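A short write-up of the structure that comes next.
The values are calculated or read from the model by the stated rules, or taken from the named source; none is laboratory data. Since we're looking at a predicted model, the values are computed, not measured. Heads up, the Cβs are rebuilt from the backbone with ideal geometry, glycines too, and the neighbour counts pull from every protein chain shown.
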Amino acid sequence: MLALILIGVGPLISTAQPPTERSTPPEAAPIVIDMATPLEPERAPAARTEPRALGVYRQYIESMEESSGAFASGLTEQLLGLGLNLQALERHAEAAAVLKRGVHVSRVQSGLYAADQIPLLKAEIRSLIALNQFDEVDERQRYMARVESEALEGTPASIAALLDQGAWAEQAWELRLGDQEAHPEHLARSWEYYRLAYNQSAQLYGAQSMALLKPLEGMLRLQYRFADLQRASATGRAFDGSSHRQTSAMGGVYRRGEAVLMAIQGLKRANGVPAGEEAYDLARLGDWARWMGRRSDARRYYDQAWQRITPPEPAEAPPSEVGGTDTDFIPAGTATQRGTEKIGNDTMASAETTVPGAGAASVNVAMAAETSVQAGAENPENTARDDSHLTLASATETNNTEKGAIGEAADDLTDTEGVAEPEAPLATPPVDDPVMRAALFETVTPLPDIDTLQPLPAFRRDASGPVIVQFQLNEAGKITELERMIVTTVTETESTETGDAEPEPSAAQVEDDPVVDRLLRKMRRTRFRPRYEGGEAVGTDMIVWSFDLNTSNADAMALKP
């Protein structure tokens, strides 16, 4: 009985115990979270929704292929539209593939050199440039040049295409595309495009047309590049005994560049440009001579440019001539006039008689010896001879691939034994042009003064940039003093307010910066157009320029005041 009572009361006693006396459960295992694995499973990327236009093009292309095959008529237009829409979405890899297929379809449908390939090729090249695939860009440009030469022959579009091809070949030279041995070939190819553009422009528009200026400007840029190439070749061959050949080759480059500039000058004068423009062309002749180290020629051209836009100061008549006849007037048929005419016929003709043919004859000299420039770059003895006596017709006879592309206008160019000196611009009275005079002779200009050939990075003519330099030029346009300036910022402190001046710090220490050092070395090698005062070349005072060598800020610095 007692045992039964204990059994019944036992559970009640156990439940009545205080909470602290209850048995605690064993500790739970710690939860470990692996941060390397995502807490949630990765979700598949959302499917990219294409614009409706792309879907329409794709469906239409598929339906055309199902009904008429892979080379259905009208398929190239649809592939071009699809490629352009992909370009607009910056999906250039897809666009290039679609456009390349369009070119293939066009070749099968319309022939190897069908004109409808051209817009497809241009669009494909834009996508390849966006993808930085420049070797493929060069390959497609060469192919497009062959298509354009066949499809656009004898039209204004052919001239524009040749100019574009010449500009691209210049860019290929700057990018150094291909093997190093093939780099000069880019320049030779560019020259050939500009030469063909010049000849076709003369045929289509006439020998006096201002349309000839574009190919001539391209030829001028190439002469600067050819000169750089010859200088690099001369540096590499300084001790092989070919210095005389190198000098002769540089002389040939100088004569060809001078001939191109004279052609530009004669063409503009024939079209009646203002006196300021004539002075600018003469200054460019001086720039070319100065850049090539021909100081006497440069001085002559600069003097002519100054005289064209600067009337002479009136001189007092001597007492013996007061009340006499006008000595400046030379009657027709007098001995003095006949002597002047003889001199003009022997050395230079008057503006009225020489301008129409001067441009063609001068550019003939420039184009005659340029067909072997690539071989001449590798073997200077090939370019050392003076080929200025060759005509354009004889030069083209060595290249069978271009027969018939030059035309009769180029064949009519006359032989020239050399480059005649341009006529001094005094056939017409000088015109006072202070604006052009300030731009040409009062502004320090690094050479060459051509946008795509600027020798220095973008700069400002003040001290507002991060890198500030000051320099001085002599009367020949050469830097005689050059140093970097350090600008220190003065802040107001308590000592300055109370009048107690702080001790001046010692000379600022400039850490060597390889980028700045390269800039200074380049400036020392750069030639500048000399400054003129009163018709004489003079040196300059200290000039302050500033540069921002950070490439991201180059565009802002390029806006030079």
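Suppose we filter region 85-105 for residues that are of a type in the set (A, V, I, L, M, F, W, C), buried (at least 18 other Cβ atoms within 10 Å of the Cβ) and within 13 Å of Ala53 (Cβ to Cβ); how many remain? Break it down into steps so the answer makes sense when it comes.
Looking only at region 85-105, we keep the residues that are of a type in the set (A, V, I, L, M, F, W, C), and these are 86, 88-89, 93, 95-99, 103, 105.
So of that shortlist, the ones also buried (at least 18 other Cβ atoms within 10 Å of the Cβ) come out as 86, 95-96, 98-99, 103, 105.
Okay, now just the ones that are also within 13 Å of Ala53 (Cβ to Cβ), so 86.
Result for region 85-105: 1.
From the list Ala70, Ala53, Ala114, pick out the single residue that is small (Gly, Ala, Ser) and either within 30 Å of Arg176 (Cα to Cα) or surrounded by 15 or more Cβ atoms within 10 Å (Cβ to Cβ) (or both). Working first, answer last.
Working: Ala70 fails: either within 30 Å of Arg176 (Cα to Cα) or surrounded by 15 or more Cβ atoms within 10 Å (Cβ to Cβ) (or both); Ala53 fails: either within 30 Å of Arg176 (Cα to Cα) or surrounded by 15 or more Cβ atoms within 10 Å (Cβ to Cβ) (or both).
That would be Ala114, the only listed residue that is small (Gly, Ala, Ser) and either within 30 Å of Arg176 (Cα to Cα) or surrounded by 15 or more Cβ atoms within 10 Å (Cβ to Cβ) (or both).
Which residues, counting only those in region 156-168, are of a type outside the set (A, V, I, L, M), out of contact with any Leu (no Cβ under 7 Å at 6 or more places or on another chain) and in contact (Cβ under 8 Å) with a residue 12 or more places away in the chain? Reasoning before the result, please.
Of the residues in region 156-168, the ones of a type outside the set (A, V, I, L, M) are 156, 158, 164-166, 168.
Within this subset, residues satisfying the condition of being out of contact with any Leu (no Cβ under 7 Å at 6 or more places or on another chain) are 164-166, 168.
Passing the criteria: Gln165, Gly166, Trp168.
Which of the residues belonging to region 296-316 are within 15 Å of Glu536 (Cβ to Cβ) and either touching a His at 6+ places or on another chain (Cβ under 8 Å) or not aromatic (Phe, Trp, Tyr) (or both)?
Ala298, Arg299, Arg300, Asp303, Gln304, Ala305, Gln307, Thr310, Pro312, Glu313
Which one of these is over 15 Å from the mean Cα position of the chain (by Cα), assigned by TED's automatic domain parsing to the domain that holds Asp281 and crowded, with 22+ Cβ neighbours inside 10 Å: Leu212, Leu229? Spell out the reasoning first.
Details: Leu229 fails: crowded, with 22+ Cβ neighbours inside 10 Å.
After applying the criteria, what remains is Leu212.
Mind counting the residues in region 450-467 that are more than 11 Å from Asn550 (Cβ to Cβ) and either part of a loop (DSSP other than H, G, I, E, B) or not assigned by TED's automatic domain parsing to the domain that holds Trp545 (or both)?
The initial filter retains those residues of region 450-467 that are more than 11 Å from Asn550 (Cβ to Cβ), namely 450-456, 459-464.
Applying the additional criterion that residues be either part of a loop (DSSP other than H, G, I, E, B) or not assigned by TED's automatic domain parsing to the domain that holds Trp545 (or both) yields 450, 454-456, 461-464.
Qualifying residue count, region 450-467: 8.
Within region 163-279, considering only helices (runs of 4 or more DSSP H) that don't extend past its boundaries, which have at least 2 residues that are among the acidic types (Asp, Glu)? Spell out the reasoning first.
On the way: elements: 183-205, 213-236, 243-270.
Because the criterion is at least 2 residues that are among the acidic types (Asp, Glu), the helices (runs of 4 or more DSSP H) in region 163-279 that meet it are 183-205, 213-236.
Mind checking which residues of region 511-551 are in a strand (DSSP E or B) and not aromatic (Phe, Trp, Tyr)?
Initial filter on region 511-551 (in a strand (DSSP E or B)): 528, 531-533, 536-538, 543-547.
Listed by number, the residues that qualify are Arg531, Glu533, Glu536, Ala537, Val538, Ile543, Val544, Ser546.
Could you count how many residues in region 267-289 are more than 19 Å from Pro429 (Cα to Cα) and touching a Lys or Arg at 6+ places or on another chain (Cβ under 8 Å)?
Residues in region 267-289 being more than 19 Å from Pro429 (Cα to Cα) and touching a Lys or Arg at 6+ places or on another chain (Cβ under 8 Å): 3 in total.
Scan region 452-475 residue by residue and report those that are over 22 Å from Glu174 (Cα atoms) and among the aliphatic types (A, V, I, L, M). Show your work before the answer.
Step one: filter region 452-475 for residues over 22 Å from Glu174 (Cα atoms), giving 460-475.
Within region 452-475, Ala463, Val467, Ile468, Val469, Leu473 qualify.
Within region 500-508, is there a residue that is modelled with pLDDT under 95 and surrounded by 17 or more Cβ atoms within 10 Å (Cβ to Cβ)? I'd like the intermediate steps shown before the answer.
Filtering region 500-508 for residues modelled with pLDDT under 95 gives 500-508.
Then keep just the ones that are surrounded by 17 or more Cβ atoms within 10 Å (Cβ to Cβ); that gives none.
Taking every residue of region 500-508 in turn, none turns out to be modelled with pLDDT under 95 and surrounded by 17 or more Cβ atoms within 10 Å (Cβ to Cβ).
Taking Leu152, is it in contact with a Pro (Cβ under 7 Å, 6 or more places away or on another chain) and either surrounded by fewer than 22 Cβ atoms within 10 Å (Cβ to Cβ) or within 25 Å of Gly178 (Cα to Cα) (or both)? Spell out how you get there, then give the answer.
Working: in contact with a Pro (Cβ under 7 Å, 6 or more places away or on another chain): no; either surrounded by fewer than 22 Cβ atoms within 10 Å (Cβ to Cβ) or within 25 Å of Gly178 (Cα to Cα) (or both): yes.
Here the answer is no, as Leu152 does not meet what is asked.
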